[in-house]
Amino acid sequence: MKNHIFQIYYSDATLDQIDAGFIPLDNTGQRPDWREYWPMRRFLRENTLDPNARYGFLSPKFTEKTGLTALEAKAFVNGMPDDVDVVAFSPFFDQAALFQNAFEHAALCHPGIGPIVEDTAKLIAPELKVNEIVMSSQQTIFCNYFVAKPAFWQQWLEKCEQIFDVAEAGDSLLGQQLNGDVKYQSQHAPAKVFVIERIASLILATQSKWKVRHFNPVTLPIGNAMLAQFGDDLLALDALKHMAKETGFVQYFAAYLRKRTQVIERLNTVEAGKAAH
């Protein structure tokens, strides 16, 4: 199966960051408010995709965030059987394991985005309740670090376009909130960017029909260096969420919540000790 993996660039500087093994995808002088959704949207809407191929649209920071070169990423994708729908390269296993789902993670990382996420979920999936969704690392993809068949991209695009239409109209409270900035590390960016980054995870968490293969997330960089010392606990948290999803047994989810509380308490103790020194 052919795999067409693009890497987005915004300027001459980011063009220089493109790994020669990826196909450059131009996003210069476009819509910075939509970040990487804009070139992905344009490509998916303006091109006829081969249903028997997979496509990926990675950011210039792919190697920085994952530590993987184009050669390594392409070798992994090319080694996948043809029936695999989605191939993911998601870093930050610690975040995927610790949080119940990618939307809870967003609420912590981007203060104020929680209600926006909930209202957006009501728009694109009215039957879902965000606070009830459980995602293990097998359903979590941070950013756009995945390669997928057109059928998956079509599902993704349909949901993203609902968000796009509301934000572009800007005549509703949700539209204004999506366009409003939220905190992003020491910077700010429109809330819509961080909501769309999590749509692939939402699809994987709510639709079991997709065959997915992940590059081992435990081997990729993590988000919080202090959490690294809780490696076995993170594995346990992720495994408990996986079993909760697979079986539907509440005991697994209850055990996850108890263990997470313990891990957070221990993490806070470590952070307090470091701050004291």
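Using only Cα atoms, find the angle between the long axis of helix 37-46 and the longest principal axis of the chain, and express it within 0 to 90 degrees, rounded to the nearest 10.
Rounded to the nearest ten degrees, it is 40.
What ranking do Ser59, Ser201 get, fewest neighbouring Cβ atoms within 10 angstrom at the top?
Listed from fewest to most nearby Cβ atoms, that is Ser59, Ser201.
Ranked from highest to lowest mean number of other Cβ atoms within 10 Å per residue, what is the order of the peptides 231-240, 142-151, 38-47?
In descending order of packing, they fall as 142-151, 231-240, 38-47.
Please give the calculated 222 nm ellipticity per residue for the chain, where each DSSP H segment of at least 4 residues contributes -39500 (n - 2.57) and the sum is spread over every residue; nearest 500 deg cm²/dmol?
My calculation for the chain gives -15000 deg cm²/dmol from helical runs alone.
Measure up Lys65/Lys183; Lys122/Lys159; Lys159/Lys241; Lys122/Lys259; Lys211/Lys259 against 22 Å on the Cα-Cα distance and list the ones that go over.
Those over the limit are Lys159/Lys241; Lys122/Lys259; Lys211/Lys259.
State the three equivalent ellipsoid semi-axes of region 138-277, derived from the C-alpha gyration tensor as the square roots of 5 times its eigenvalues, in descending order and whole Å.
They are 31, 23, 15 Å, listed largest first.
Of Trp153, Trp210, Trp34, which has the largest mean-square fluctuation in a 10 Å C-alpha GNM of the chain?
Checking each option, the largest mean-square fluctuation is seen for Trp210.
Diagonalise the Cα gyration tensor of region 224-277 and give the resulting equivalent ellipsoid semi-axes, square root of 5 times each eigenvalue, largest first, whole Å.
Values for region 224-277, descending: 27, 11, 5 Å.
Counting alpha carbon pairs within less than 8 Å and at least 6 residues apart, what relative contact order, in whole percent, applies to region 1-90?
38 percent.
Provide, as a two-decimal number, the C-alpha radius of gyration of the chain over 2.2 N^0.38 Å, N being how many residues it has.
The reported ratio for this selection is 1.00.
Taking only Cα atoms and a 10 Å spring cutoff, compute GNM fluctuations for the chain and point out the largest among Thr140, Thr48, Thr69.
For the chain, modelled as a Gaussian network with Cα springs under 10 Å, the answer is Thr48.
Each value in this text was obtained by applying a stated rule to the coordinates, not by laboratory testing. Predicted, not measured: the structure shown is a model, and the values here were computed from it. In this analysis, Cβ positions are derived from the backbone assuming ideal geometry, glycine residues included, and neighbour counts consider all displayed protein chains.
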